[in-house]
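In what follows, a structure is listed as structure tokens, so that the remarks can point back to it.
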Amino acid sequence: MEKYWVIQKVGEGTFGSVWSAINKQTGEVVAVKQMKNKKYHSWEECINLSEVKSLIKMSSHPNIVKLREVIREHDILYLVFEYMECNLHQLIRKRGRRVFSEDEVRNWCFQVFHALAYMHQRGYFHRDLKPANLLVSNNVIKLADFGSARKINSGQPFTQNITTPWYRAPEVMLKSPTYTSAIDMWAMGAIMAELFTLRPLFPGLNGADQMYKICSVIGTPTDNSWPHGLRLARGMNYQFPYLPGVHMSIFMPSVSDDATSLIRSLCSWDPFKRPTAAQVLQHPFFHKCYYVIPPSPRTTPAAYCQQNTNTNKNTAVIGIQAGIC
């Protein structure tokens, strides 16, 4: 860490604190995440973290935050990222009553769904999508905080205590052992609605209230809409509250039908009825956005890593660079 001047703390989470810093050699401003509550006694332990492994695979995407370096110093682990100005949660709080325009929401969500399509196609899902984990600089938005990211085929059952409750898919709340990347799509539906209204769509106070809030918006699930969910509920002796739900336009009266229909499909009870990220990009809501040309096979971006030999036995560094296959 000697090559960085630490400036100030910019964030605090369960597993680490984030600081802004300046690279003394290049002058670049970066974000340094110091992992806490654990000593890292070997280099292998660091690079085998799911957060590190997933970011090394995906840092080349323009809408996924770039991991610059992994540093282990005196058994403390530091992850050095590109610096972003703020997160979406902060932007929402600063707006007051001035809602975002539909074009602004479309632009941000288009970028996020591109990143999710890239991530899901490579066999990973995020599992903790929320406004605070979407970083913004100059109208560019990037997925961040991959601490909960996992391989989709890494073996089930998956952990139940993931995602922030307001963005947690109902199958996770009902302790399904076989949830999929569809939980990311549910979270994005809730985030889209929040961007339009500046208020959380499902702001539950606890698990029971969270489910009540969901039912009050999209209606109680039935044997036709989500039979598997009813079986999960019976298995844990849970009784859904009976509520008819309301049309999304009640919450977002000035929003287009294309936007509300997309949010409704993303917030489907049945995860198999939610569109994939790739399918969402074809939705009429995003037809205005089509300027992206798919890369040819010869120019597919990739990431590779290179270990830097350091004379200090207490320090190890891995640099993450963009490469071309």
When you go through (1) among the hydrophobic types (A, V, I, L, M, F, W, C); (2) touching a Ser or Thr at 6+ places or on another chain (Cβ under 9 Å); (3) modelled with pLDDT of 90 or more; (4) crowded, with 16+ Cβ neighbours inside 10 Å one by one for residue 1, which number turns out not to apply?
(3)
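Can you pull out the residues in the stretch 260-273 that are assigned to a helix (DSSP H, G or I) and either among the hydroxyl-bearing types (Ser, Thr, Tyr) or within 20 Å of the chain's Cα centre (by Cα) (or both)?
Restricting attention to the stretch 260-273, the residues satisfying the condition of being assigned to a helix (DSSP H, G or I) are 260-266, 271-273.
Hits for the stretch 260-273 are 260, 261, 262, 263, 264, 265, 266, 271, 272.
Within the stretch 256-289, can you find the residues that are within 23 Å of residue 173 (Cβ to Cβ) and not aliphatic (A, V, I, L, M)? Break it down stepwise before answering.
Filtering the stretch 256-289 for residues within 23 Å of residue 173 (Cβ to Cβ) gives 262-277, 280.
Those that are within 23 Å of residue 173 (Cβ to Cβ) and not aliphatic (A, V, I, L, M): 264, 265, 267, 268, 269, 270, 271, 272, 273, 274, 275, 276.
Applying the selection to the stretch 241-259, what residues are part of a helix (DSSP H, G or I) and within 21 Å of residue 275 (Cα to Cα)? First the steps, then the outcome.
Narrowing the stretch 241-259 to residues part of a helix (DSSP H, G or I): 248-251, 257-259.
If the condition is that a residue be part of a helix (DSSP H, G or I) and within 21 Å of residue 275 (Cα to Cα), then 248, 249, 257, 258, 259 are the ones that fit.
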Here is a list of conditions, (1) in contact (Cβ under 8 Å) with a residue 40 or more places away in the chain; (2) assigned by TED's automatic domain parsing to the domain that holds residue 193, and residue 94 meets all of them except one; can you say which number that is?
(1)
Limited to the stretch 203-262, what total is found for residues that are surrounded by fewer than 15 Cβ atoms within 10 Å (Cβ to Cβ) and basic (Lys, Arg)?
2
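Within the bounds of the stretch 14-21, is there any residue that is of a type in the set (Ser, Thr, Tyr) and farther than 23 Å from residue 139 by Cα? Talk me through it step by step, then tell me what you get.
First, pick out the residues of the stretch 14-21 that are of a type in the set (Ser, Thr, Tyr): 14, 17, 20.
Still in the list and also farther than 23 Å from residue 139 by Cα: 14, 17.
Within the stretch 14-21, one or more residues are of a type in the set (Ser, Thr, Tyr) and farther than 23 Å from residue 139 by Cα.
Can you list the helices (runs of 4 or more DSSP H) found entirely within the stretch 129-240 that contain at least 3 residues being in contact with a Leu (Cβ under 6 Å, 6 or more places away or on another chain) and in the same structural domain as residue 97 (by TED's automatic domain parsing)?
Details: elements: 170-173, 182-197, 207-218, 227-235.
Correct list: 182-197.
Within the stretch 1-102, which strands (runs of 3 or more DSSP E) (wholly inside it) include 3 or more residues that are over 20 Å from the mean Cα position of the chain (by Cα) and closer than 20 Å to residue 135 by Cα?
Working: elements: 4-12, 16-23, 29-35, 67-73, 76-82.
Ranges flagged: 4-12, 16-23.
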From the list 138, 63, 133, 87, which one is touching a Pro at 6+ places or on another chain (Cβ under 7 Å) and within 30 Å of residue 1 (Cβ to Cβ)?
87
Residue 83 passes all but one of the listed conditions (1) under 19 Å from residue 188 (Cα atoms); (2) at pLDDT 95 or above; the exception is number (1)
Where a residue in the stretch 241-253 is within 23 Å of residue 230 (Cβ to Cβ) and assigned by TED's automatic domain parsing to the domain that holds residue 170 and its partner, wherever it lies, is outside any helix (DSSP H, G or I) and of a type in the set (S, T, N, Q), with Cβ under 6 Å and at least six apart:
242/220; 243/220
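The values are calculated or read from the model by the stated rules, or taken from the named source; none is laboratory data. Remember, predicted model here, so these are calculated numbers, not experimental data. FYI the Cβ positions are ideal-geometry reconstructions off the backbone, even for glycines, and counts take in every protein chain you see.
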